[in-house]
1. Given the criteria assigned to a helix (DSSP H, G or I) and of a type in the set (Val, Ile, Thr), does Ile37 qualify?
2. For the stretch 40-61, enumerate the residues that are under 16 Å from Tyr4 (Cα atoms) and either outside any helix (DSSP H, G or I) or touching a Lys or Arg at 6+ places or on another chain (Cβ under 6 Å) (or both).
3. Within the stretch 51-72, is there a residue that is of a type in the set (D, E, K, R), open to solvent by 20 Å² or more (accessible area, probe 1.4 Å) and over 12 Å from the mean Cα position of the chain (by Cα)?
4. Quick check on my filter: what residues within the stretch 20-34 are open to solvent by less than 90 Å² (accessible area, probe 1.4 Å), at pLDDT 90 or above and part of a strand (DSSP E or B)?
5. Residue check: is Val26 touching a helix residue (DSSP H, G or I) at 6+ places or on another chain (Cβ under 6 Å) and touching a residue at least 12 places away in the same chain (Cβ under 8 Å)?
6. Step by step: first the residues of the stretch 6-19, then only those that are over 13 Å from Ser64 (Cα atoms) and surrounded by 15 or more Cβ atoms within 10 Å (Cβ to Cβ), then the one that is modelled with the highest pLDDT. Which residue is that?
7. I'm told Ser40 meets every condition in (1) of a type in the set (Gly, Ala, Ser); (2) open to solvent by less than 30 Å² (accessible area, probe 1.4 Å); (3) at pLDDT 95 or above except one. Can you identify the failing condition by its number?
Amino acid sequence: MALYRITTKKSFNGGTRGSIDAGMSVEISSMIPVMVIGPSADKINQLFMNKYGVDLKGMNALNSVFLSVTKIS
């Protein structure tokens, strides 16, 4: 199982859904490569909601323009 870090690339103000700053990150373990779209997207959004209280999906920031994925191990 691999560990991935998802990091925000740039700042964005999403109004009532929160705002993000560049460098905010969460980690997720997965047996398959993690993508910011598809089946992993809801898990990534939930991790950001739990840690930072921001709804990336509601802000339309749950994509590769705002997020980068790095394999840690």
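1. Details: assigned to a helix (DSSP H, G or I): no; of a type in the set (Val, Ile, Thr): yes.
Considered against the rule, which asks whether it is assigned to a helix (DSSP H, G or I) and of a type in the set (Val, Ile, Thr), Ile37 comes out as no.
2. Asn45
3. As a first pass, look at the stretch 51-72 and keep what is of a type in the set (D, E, K, R): 51, 55, 57, 71.
Within this subset, residues satisfying the condition of being open to solvent by 20 Å² or more (accessible area, probe 1.4 Å) are 51, 55, 57, 71.
Now restrict to residues that are over 12 Å from the mean Cα position of the chain (by Cα): 71.
Yes, because at least one residue in the stretch 51-72 is of a type in the set (D, E, K, R), open to solvent by 20 Å² or more (accessible area, probe 1.4 Å) and over 12 Å from the mean Cα position of the chain (by Cα).
4. Within the stretch 20-34, Ile20, Ser25, Val26, Ile28, Ser29 meet the criteria.
5. Details: touching a helix residue (DSSP H, G or I) at 6+ places or on another chain (Cβ under 6 Å): yes; touching a residue at least 12 places away in the same chain (Cβ under 8 Å): yes.
So Val26 passes the test.
6. Step one: list which residues in the stretch 6-19 are over 13 Å from Ser64 (Cα atoms), which gives 11-19.
The next check asks that each one be surrounded by 15 or more Cβ atoms within 10 Å (Cβ to Cβ); those that pass are 12, 14, 17-18.
On the way: Phe12: 91, Gly14: 77, Arg17: 77, Gly18: 82.
For the stretch 6-19, the residue satisfying everything is Phe12.
7. Answer for Ser40: the failing condition is (3).
The values are calculated or read from the model by the stated rules, or taken from the named source; none is laboratory data. Every value quoted in this text rests on a predicted model; they were computed, and no experiment measured them. Please note: Cβ atoms are built from the backbone with ideal geometry, for glycine as well, and neighbour counts cover all protein chains shown. These accessible areas exclude ligands, DNA and RNA; they are computed on the full protein's heavy atoms, side chains included. Shrake-Rupley method; radii C 1.70, N 1.55, O 1.52, S 1.80 Å.
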